[in-house]
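Report on the following structure.
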Amino acid sequence: FFFCQTERKRHATTTSSMSTDELNDIGLYGLAVMGQNFALNMASKGFRVGVSNRSEAKIGITEARAKSEGDLPLRGYRTPAALCASLKSPRVVVILVQAGAAVDATIAAFAEHLEEGDVVVDGGNEWFPNQLRRHAELAEKKIRFVGMGISGGEEGARNGPSLMPGCDLEAWEVIRPIMEACAAKAPSAGGG
């Protein structure tokens, strides 16, 4: 997760030449079953999604799936720096890794590439006191935090999960368009 200053500058130079239309709407880190399927869900709704993972093989698998499922707007990045540099501002990074220390390490790796007003979303079903601690730690850096359980398993993540965000209104307004588009929808009162 830690990269030399030269690599950071190289990624900044590469992505700074991208037009706003080419930047990703959202980033997702953690491409196990839930992460991969949620990334594909967002891309299938027309959002440009940047993805990354500790294992580069999963990045390639996810890119191949996006291609085979309709050439979805999903691109893989090898480092947190590259993923962050590919995002529209304010940047939104969804983290879907194992609860506990892995979440803290992942947030730390991304936080050094984020700025005031950016949003980190922990998509795991994490212990509430950890979410409160992370919110306070990121607030010191003026980075917004959302603790958001994603429920529904593999199929739900791909086709419409139950999303349970906990955050302040400003953070919600940043993520709202994407999350509402991707979430499960209740049937109408008329039965349809």
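General remarks:
- Elements of type helices (runs of 4 or more DSSP H) contained in the stretch 43-150, each with 3 or more residues being farther than 22 Å from GLU180 by Cα, among the aliphatic types (A, V, I, L, M) and without any contact (Cβ under 8 Å) to a residue 24 or more places away in the chain: 128-139
- Those residues of the stretch 55-72 which are charged (D, E, K, R) and farther than 13 Å from LEU28 by Cβ, in sequence order: GLU56, ARG65, LYS67, GLU69, ASP71
- All conditions in (1) under 25 Å from ARG48 (Cβ atoms); (2) touching a Cys at 6+ places or on another chain (Cβ under 9 Å) hold for HIS135, with the sole exception of (1).
- Residue list for the stretch 150-164, restricted to those being farther than 17 Å from GLY30 by Cβ and touching a strand residue (DSSP E or B) at 6+ places or on another chain (Cβ under 8 Å): SER162, MET164
- Selection count where residues are more than 10 Å from GLN36 (Cβ to Cβ) and of a type in the set (A, V, I, L, M), scope the stretch 60-69: 1
- Enumeration of residues in the stretch 158-170 that are open to solvent by less than 50 Å² (accessible area, probe 1.4 Å) and more than 18 Å from PHE128 (Cα to Cα): ARG158, GLY160, PRO161
- Residue match in the stretch 160-171 (condition: assigned to a helix (DSSP H, G or I) and in contact (Cβ under 8 Å) with a residue 24 or more places away in the chain): yes
- Cβ separations smaller than 7 Å between residues 6+ apart or across chains give the following pairs from the stretch 28-39 residues that are assigned to a loop (DSSP other than H, G, I, E, B) to residues that are of a type in the set (Val, Ile, Thr): GLY30/ILE95; GLY30/VAL97; LEU31/VAL51; LEU31/ILE59; LEU31/THR62.
- Residues (modelled with pLDDT of 90 or more, β-branched (Val, Ile, Thr) and surrounded by 16 or more Cβ atoms within 10 Å (Cβ to Cβ)) located in the stretch 1-43: ILE26
- Of everything in the stretch 53-85 that is closer than 17 Å to ILE107 by Cα and touching a Phe, Trp or Tyr at 6+ places or on another chain (Cβ under 8 Å), the residue that is surrounded by the most Cβ atoms within 10 Å (Cβ to Cβ) is CYS84.
- Residues that are under 18 Å from the mean Cα position of the chain (by Cα) and over 17 Å from VAL93 (Cα atoms), drawn from the stretch 123-153: SER151, GLY152, GLY153
- Sole residue being open to solvent by 20 Å² or more (accessible area, probe 1.4 Å), more than 18 Å from LEU40 (Cβ to Cβ) and not small (Gly, Ala, Ser), chosen from GLU155, GLU173: GLU173
The values are calculated or read from the model by the stated rules, or taken from the named source; none is laboratory data. Computed from a predicted model, the values in this text were never measured in an experiment. Neighbour counts run over all protein chains shown; Cβ positions are idealised from the backbone, glycine included. Just so you know, the surface numbers come from the protein's heavy atoms only, side chains and all, with ligands and any DNA or RNA stripped out. Shrake-Rupley method; radii C 1.70, N 1.55, O 1.52, S 1.80 Å.
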